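Here the structure comes first, spelled out in structure tokens, and everything after it is commentary.
No value in this document is a laboratory result; all are computed from the given coordinates. Every value quoted in this text rests on a predicted model; they were computed, and no experiment measured them. Because the Cβ atoms are built from the backbone with ideal geometry, glycine has one as well, and the counts that use them run over all protein chains shown.
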Amino acid sequence: MEVPGRTQDSSPKDSARKSLSRQRTIFCQPCSSDGDTMVAIGYCQNCNEYLCAVCLKVHRKQAVSRNHIILDGDNMPKVTLPTVTPNACSDICTKHENEIIKYFCMSHDAVGCGDCMIIDHKSCKVDRIQDISTEYFNGTEHQNILKKVEQFVKDMDEIKRELQASEGNMRQAYTQAIKDVKAFKKEIIDYLNKAESEMLEMINERKKKNEMLIQELQQAESSIGRNIREIQTKLQLQVNQANDLFVEAKQVKAKLDVIDENLNRLKKDISIDVYTFQHSSSMEQMVKACVPLGDIVDGSKQKIENRASKHDCLVSGKEVTDHTGLDRKSISEMDAYFDCEINIKTQDDASDCFIGKCALICPSQIIVADEKNKCVKLVDVNNKEVSKYNLKYSPTGVAVVNPNRVAVTFPGDRKIQFLTITAGNKIIESDMINVHTSCKKIAIHEDKIIGITDTSVEIMSMSGQLIKSLSHPNMKWLIDIAVIPSSQIFYVSNSLKCFDVFKFDFDGNLIATYKDKDLVDVRGLEVTRDGTVLVCNWTKYGSIHMITPDCKKIKELLKDDRHVRYPWCVTFCNETNKLFIVNNVSNLDKKFKNVLKVFQLR
């Protein structure tokens, strides 16, 4: 029987179902953060979170949340409350474990429990946290903290990116360091292979010479032997015939004198020099000292160096020194101070020295070409001793091929003489080559000879064969040449009409020019390891101009120094920062003659 005012659709059960379906279902917030969907049965006013049965049980057990106010069932809010609401304080005081932090002291910007306020802040104005917390939420301090935290998040993101970049740089540095070590090892092996080939070539040349000498001596012995046997036979045949014997004896008498002379010469020449290999004492010291290939250098401190400096200890010097350059000033930042002078005139010199060129073999040894006395001289820098080797011709230039081999130029005879320096610092002549023109000065570049005439630069093989001849309108009277290792660049000094330094490439293209009002005349050149060019300013009160690789003036060294007059040639040691200068002019004062001036850069 139907009741008025109620239909089937509006039964109490159906109305309740529809009412419940219209209510919003609230889920546990801690579970939701883990991706789980659990219906909330309670709400924590302190934490402002909805909790399921499991989370609520844990919440009531934990010491930190045991005293929180929990609303459950119909008492809990049916919608998510605002993030900040005034709620009861629940954080436990660190000093008084049974008390809750409820108060704030504005004077000391500190929070604490009631005991804290009584003991430490009884004379201060104290507020209840519950009374001021809502206002604080929208205050400046809270906003600043939010901004600072936001900035911290950004900083951490940046740090993360930098860490990732650093990790990439670390891997790259590791790979590059391994590559560099292996490349340097290959350079050393290549150098040793080349040095071995040169030594074997010298031994083979000596063997060929000795074989030719033996062959000539054998031929002479055979010829003399035949003549003696022939005379002996003729004399024996005429032994019983006095007249014939007399005639034959008189005829062979003249031959006997010739044979006697030939026999004496044969006896003198028959002794063949026996040679042995004497290894380099410098190499032996390196092996015994277990010298490392290099060092691991902090990239922020490592100077940019020319690649050639990596094997200076093998190619440019006999002594092994530190090549890292850590905490060292660049050459351009240094000044030169007089250190000492070394007398380079020997007792048997016929005249005063005229040193056309000097070159550094190693930090303790320099070779100089003495044109007037027809010799080269080895200068021991440490002991201030000089050893001399006389030459057939007058040398004007000298260049270091390797620590045991140098080359000197004889322009008047169009020859270049190679000399070998033994482990005992004795000089022996190696091969001499003929060149197509008069080379005054030379430089050794890899496996080539770079020489200068008055008006051209000649690029030749090590055997003297011309590869290329370079000329330019600015090459009028060339004085000296300096080549940058591991590059196709060289510098020349010119001293006619214009007193300049020119920078060319190996194709003869003019790259840069250096001229300066204080550069009166030019002579010797030197390029340091970092590419700085040193130029002798050849004048009465001379100096050394220091210029950049692109021919810009850095500064003038030793200007008005009492030890410098007409500086002719210069060389520099990258290991000790020592500068070596020789003064030259026809009427030079005696106190400047015959000495090698040594200056310390610091």
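Tabulated results
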item: Most to least packed among 460-469, 526-535 [average Cβ atoms within 10 Å]; result: 526-535, 460-469
item: Of K388/K540; K345/K590; K503/K578; K102/K147; K357/K392, those spanning more than 20 Å from alpha-carbon to alpha-carbon; result: K388/K540; K503/K578; K102/K147
item: Relative packing of 381-391, 51-61, which averages over residues the other C-beta atoms within 10 Å, highest first; result: 51-61, 381-391
item: Among 215-222, 160-167, the order from most to least packed when residues are scored by Cβ within 10 Å on average; result: 215-222, 160-167
item: Charged-residue dipole, Cβ positions (Lys, Arg, Asp, Glu), region 312-601 about Cα centre, Debye nearest 20; result: 720
